[in-house]
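First comes the structure, then the notes that go with it.
The values are calculated or read from the model by the stated rules, or taken from the named source; none is laboratory data. Just so it is clear, the structure is predicted and the values come from calculations on it, not from any experiment. Here the Cβ positions follow ideal geometry from the backbone for every residue, glycine too, while neighbour counts run over all protein chains shown. With ligands, DNA and RNA removed, areas are computed over all heavy atoms of the protein, side chains included. Shrake-Rupley method; radii C 1.70, N 1.55, O 1.52, S 1.80 Å.
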Amino acid sequence: MTDDRAAGAPQRRSLADRFLGAAAEPPAPKPPREPVQAPSSVRWAAVVVAVEAVVLLGAAGYFAVRTLTGDAESDRGAWGLVVFALLGAALLGACARGLFRVATWSRGPVVAVQLLLGALGLTAAFSYQHPEVGIPMLVPVAVVLYLLLTPEARLAFLRRVD
């Protein structure tokens, strides 16, 4: 008497497997990736973005104190501004960490936020005649965009994709 299973003969599948399909085999484990060392321009951009996150966190605290002391015209609008500033600080903090790790997802949001901050800085400086607010907003925007557009930064993110 011979054992058909040992000879490589197909096994009889259960009724449930025939109608519903059998479970898939687990995939092979991925090989570990070696950590990518961020170039100096990406690290400096991450530092500037982290400073922006801290400044935004401080602005949220300032607006919260002003709202609690009764200086706000609308409590609902003021608390909305506080929540929006806290969310922005969290986004910038996460993106700064992503830049340090050369995560491919982090560069797009950083560039988008910098472009929005640049538009806000230009509007504050020139349309609303408050250069003391707008110009300090434009300086880190220009620095981050320059640092992320250097050839070494672009190559670091391209190498990370493969």
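With respect to being open to solvent by 80 Å² or more (accessible area, probe 1.4 Å) and either in contact with a Ser or Thr (Cβ under 7 Å, 6 or more places away or on another chain) or part of a helix (DSSP H, G or I) (or both), Leu115 fits the description.
For every residue, the table says whether it meets (1) more than 18 Å from Leu56 (Cα to Cα); (2) more than 16 Å from the chain's Cα centre (by Cα).
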site: Gly80; (1), (2): no, yes
site: Leu86; (1), (2): no, no
site: Ala89; (1), (2): no, no
site: Ala96; (1), (2): no, no
site: Arg101; (1), (2): yes, no
site: Leu116; (1), (2): no, no
site: Val139; (1), (2): no, yes
site: Arg159; (1), (2): yes, yes
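Take the conditions (1) open to solvent by 50 Å² or more (accessible area, probe 1.4 Å); (2) assigned to a helix (DSSP H, G or I); Ala85 misses just one of them, which is (1).
The lone criterion from (1) of a type in the set (Val, Ile, Thr); (2) in contact (Cβ under 8 Å) with a residue 60 or more places away in the chain; (3) loosely packed, with under 15 Cβ neighbours inside 10 Å left unmet by Thr69 is number (2). A Cβ distance below 9 Å, combined with a sequence gap of six or more or placement on separate chains, defines the contacts here; from the stretch 73-89, residues that are free of Cβ contacts under 8 Å to residues at least 60 places away in the same chain and farther than 19 Å from Val54 by Cα reach residues that are open to solvent by less than 80 Å² (accessible area, probe 1.4 Å) and not polar (S, T, N, Q) in the pairs Ser74/Gly80; Ala78/Phe63; Ala78/Ala64; Ala78/Ala72.
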